[in-house]
Amino acid sequence: MKMFFEDKGKGEFSQYHSLQISPVHVHRSKAEHKHAIFILGKEIATIMSHDEFSGAGRTSVRMQELACRAADEMAK
């Protein structure tokens, strides 16, 4: 999805890129990967909410909540 939106010029994914993590970074913790997935999901849902998809705005909010929860788990 990320690559699709990037190819179409519909997303920057700045928050996700700022984390400097990708699925191939096996040295990063499970909590860091979990947090990154929720941030990526939030950014994808935000892009989709500006399109014809219904309910995607709510998905973006929920992904942000899950990203915050994952960040709290990393802090422990």
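The values are calculated or read from the model by the stated rules, or taken from the named source; none is laboratory data. This one's a predicted model, so the numbers in the text were calculated from it and none came from an experiment. Note that each Cβ is placed from the backbone with ideal geometry, even for glycine, and that neighbours are counted across all protein chains shown.
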Open item on the list: Looking at segment 18-69 only, could you name the residues that are under 13 Å from F5 (Cβ atoms), among the small types (G, A, S) and modelled with pLDDT under 90?
Closed with: A45, S49, A56
Open item on the list: For a quick check of your reading: which helices (runs of 4 or more DSSP H) sit entirely within segment 1-54 and have at least 3 residues that are within 24 Å of R69 (Cβ to Cβ) and among the hydroxyl-bearing types (S, T, Y)?
Closed with: 14-18
Task: Answer residue from segment 1-17, given it is under 12 Å from the mean Cα position of the chain (by Cα) and within 11 Å of I47 (Cα to Cα) and is modelled with the lowest pLDDT among those - done: G11
